[in-house]
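Student: My questions all concern the structure below.
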Amino acid sequence: MREVAVIGVGMTKFGELWNTNLRSLFVEAALKALKDAGVDRLDSMYVGCMTSGLFAHQEHLGALMADYLGQKHLPAYRIESACASGGLAFRLGFIEVASGMSDIVLVGGVEKMHTGADVTDALSTASDSEYEAFLGITFPGLYAMIANAYMHKYRIPYKEFREKLAHVAVKNHEHGSKNPNAQFRMKITVDTVLNSTLVADPLRLMDCSPVTDGAACVVLAPVEIAKKLGKPVVKVIGSGAATSAIALAQRDDIAWLDVVEAAAKRAYDMAKITPKDIDLVELHDCFTIAEVCVLEALGFYEPGGAINAAYNGDTYIGGKLPVNTSGGLKAKGHPVGATGVAQIVEIVEQLRGNAGERQVKGAKRGLAQNMGGSGASSVVHILEVE
Ligand code: COA
């Protein structure tokens, strides 16, 4: 296997973008990534997208995006794994370059969610449609069940649990306020969270990631090519993916994300490192409780311990393990198929020392964790700057 580096990154602003469409979002991010990489030829392309058919009445994204990018005859593939589509696309692009099949591969993720389509219904296709969505459960509902299970498993009183959980959103909005591409740049307080509309008890509006339009792209190449480009060389040193039971009812313990643990173990083993070697993390905080459960499954906290992470200040920029420096899904936004690639963009910017106000001083190694549905699929990548 060859060593692989990320040689270019680019993303659109994330938000409620009524004046643009699916293809324009993708092409904007792709052109930025190609310019950053300084290349004009591609060997292949992967497009992560969850459900463009339901949101934008458009499938066949490999051909569509290659055409609009002006890349005639380019082999191009659309990858789907619900909200982990972007992360999985990145893994497949990485494998293609590592295998020696291709040298320059563009990996992008895109989602256009504001189209007039029924968002809650479209997102519910990432759950077990016949056994969960059919009965009326929504994504906030699924994660509310996980939150309740966590609270009971670790015997945390409701009021204490609620307040500590709010700190995750406060922290991610604080980070998002420093990110020009974030959907929400306002800072919030614990009271803002606790007084926001109840969505699915115990989760409130401010515990939820929003509905977002956006795209993110990266360019991959062998390390030998990256070394000639005169920029810090950011290598992919670990990649792991896993799947697990799609319906919550089929899991032994819904407060433990075994899918994240399995994907992370593969990535750590490949990189030959342990969690203590990681300097910063971008993870899938689609709801505040997800950030807590993911931190534990990644091995950064003991079971039941991560509820205190943001509350204690550990996961802020400047803390002992900065988490979601981009603002995370909560504040940066969550255009579902684009999220996994946008996480890689943030890690690369941080490792290159280009993150401006959000910069984690001396960051050498970053981890990105992307999740599909309520924990049925997950992808973990570890990047390191030479
Ligand atoms: N965080 C903060 N503010 C939010 C928000 C969020 N997640 N979602 C919406 N808002 C704000 C809007 O900006 C708007 O503010 P304004 O009145 O100042 O303009 C206001 O709340 C109402 O927005 P609206 O779009 O009507 O909200 P909604 O009630 O239709 O949607 C949710 C709110 C929580 C239901 C929706 O954001 C949601 O479904 N989120 C989860 C998405 C999801 O499940 N993704 C997949 C995860 S695996």
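The values are calculated or read from the model by the stated rules, or taken from the named source; none is laboratory data. Please read all numbers here as calculations on a predicted model, not as lab measurements. Cβ placement follows ideal geometry from the backbone for every residue including glycine, while neighbour counts extend to all protein chains displayed. Quick note on the areas: whole protein, heavy atoms, side chains included, nothing else; ligands and nucleic acids left out. Shrake-Rupley method; radii C 1.70, N 1.55, O 1.52, S 1.80 Å.
Student: Going by what's in this entry, would GLY93 be described as touching a residue at least 12 places away in the same chain (Cβ under 8 Å), assigned to a strand (DSSP E or B) and either away from the ligand (no atom under 14 Å from the Cβ) or farther than 18 Å from LEU383 by Cα (or both)?
Tutor: So GLY93 does not fit the description; no.
Student: Which count do you get for residues in the stretch 81-125 that are over 21 Å from ASP36 (Cβ atoms) and β-branched (Val, Ile, Thr)?
Tutor: 5
Student: Would you mind finding the one in LEU31, LEU25, LEU42 that is touching a Ser or Thr at 6+ places or on another chain (Cβ under 8 Å), modelled with pLDDT of 95 or more and more than 16 Å from the ligand (Cβ to nearest atom)?
Tutor: Matching residue, one of LEU31, LEU25, LEU42: LEU25.
Student: Here is a follow-up. Just need a number here: residues in the stretch 86-108 that are open to solvent by less than 10 Å² (accessible area, probe 1.4 Å) and within 16 Å of the chain's Cα centre (by Cα).
Tutor: Here the count works out to 6.
Student: Moving on. Kindly establish whether ILE289 is open to solvent by less than 10 Å² (accessible area, probe 1.4 Å), on the phi < 0 side of the Ramachandran plot and either aromatic (Phe, Trp, Tyr) or away from the ligand (no atom under 16 Å from the Cβ) (or both).
Tutor: Judged against the criteria, ILE289 is not a match.
Student: The conditions are (1) open to solvent by less than 30 Å² (accessible area, probe 1.4 Å); (2) of a type in the set (S, T, N, Q); (3) within 17 Å of VAL119 (Cα to Cα), and SER44 fails exactly one of them. Which is it?
Tutor: Of everything listed in (1) open to solvent by less than 30 Å² (accessible area, probe 1.4 Å); (2) of a type in the set (S, T, N, Q); (3) within 17 Å of VAL119 (Cα to Cα), SER44 misses just condition (3).
Student: Tell me which residues, restricted to the stretch 125-139, are in a helix (DSSP H, G or I) and surrounded by 22 or more Cβ atoms within 10 Å (Cβ to Cβ).
Tutor: ALA126, PHE139
Student: Scan the stretch 252-264 for residues that are crowded, with 16+ Cβ neighbours inside 10 Å and among the charged types (D, E, K, R) and jot them down.
Tutor: Of everything in the stretch 252-264, those that are crowded, with 16+ Cβ neighbours inside 10 Å and among the charged types (D, E, K, R) turn out to be ASP258, GLU261.
Student: Taking the stated definitions as given, is GLU111 under 23 Å from the mean Cα position of the chain (by Cα), open to solvent by less than 40 Å² (accessible area, probe 1.4 Å) and among the acidic types (Asp, Glu)?
Tutor: Yes: the conditions hold for GLU111.
Student: Which one is farthest from the ligand (Cβ to nearest atom) among residues in the stretch 177-210 that are in a strand (DSSP E or B) and either open to solvent by 40 Å² or more (accessible area, probe 1.4 Å) or within 18 Å of GLY356 (Cα to Cα) (or both)?
Tutor: Taking the stretch 177-210 and keeping what is in a strand (DSSP E or B), we get 198-200, 203-204, 208.
From what is left, the residues that are either open to solvent by 40 Å² or more (accessible area, probe 1.4 Å) or within 18 Å of GLY356 (Cα to Cα) (or both) are 198-199, 204.
Details: LEU198: 11, VAL199: 5, ARG204: 9 Å.
It comes out as LEU198.
Student: Return the residue satisfying two criteria in turn: it lies in the stretch 57-67 and is in contact with a strand residue (DSSP E or B) (Cβ under 9 Å, 6 or more places away or on another chain) and open to solvent by less than 60 Å² (accessible area, probe 1.4 Å), and of such residues it is nearest to VAL27 (Cα to Cα).
Tutor: Result: MET65.
Student: Being under 22 Å from GLY372 (Cβ atoms) and within 16 Å of the ligand (Cβ to nearest atom) is the requirement here; does GLU174 meet it?
Tutor: When the stated conditions are applied, GLU174 does not pass them.
Student: Here are some residues: ARG155, ARG162. Which one is without any contact (Cβ under 8 Å) to a residue 60 or more places away in the chain, more than 14 Å from the ligand (Cβ to nearest atom), basic (Lys, Arg) and assigned to a helix (DSSP H, G or I)? Spell out how you get there, then give the answer.
Tutor: Numbers: ARG155 fails: assigned to a helix (DSSP H, G or I).
One residue alone meets the criteria, ARG162.
Student: Please go through (1) within 16 Å of the ligand (Cβ to nearest atom); (2) in contact with a strand residue (DSSP E or B) (Cβ under 9 Å, 6 or more places away or on another chain); (3) open to solvent by less than 10 Å² (accessible area, probe 1.4 Å) for SER244 and return the number of the only condition it doesn't satisfy.
Tutor: All conditions pass for SER244, except number (3).
Student: Would you be able to say whether some residue in the stretch 309-332 is modelled with pLDDT of 95 or more, open to solvent by 20 Å² or more (accessible area, probe 1.4 Å), away from the ligand (no atom under 14 Å from the Cβ) and β-branched (Val, Ile, Thr)?
Tutor: So far as the stretch 309-332 goes, yes, one or more of its residues are modelled with pLDDT of 95 or more, open to solvent by 20 Å² or more (accessible area, probe 1.4 Å), away from the ligand (no atom under 14 Å from the Cβ) and β-branched (Val, Ile, Thr).
Student: Scan the stretch 68-85 for residues that are within 16 Å of the ligand (Cβ to nearest atom) and either open to solvent by 20 Å² or more (accessible area, probe 1.4 Å) or assigned to a strand (DSSP E or B) (or both) and jot them down.
Tutor: GLU80, SER81, CYS83
Student: Continuing with this model, one more query. In the stretch 358-377, is there at least one residue being open to solvent by less than 10 Å² (accessible area, probe 1.4 Å) and on the phi > 0 side of the Ramachandran plot?
Tutor: Within the stretch 358-377, one or more residues are open to solvent by less than 10 Å² (accessible area, probe 1.4 Å) and on the phi > 0 side of the Ramachandran plot.
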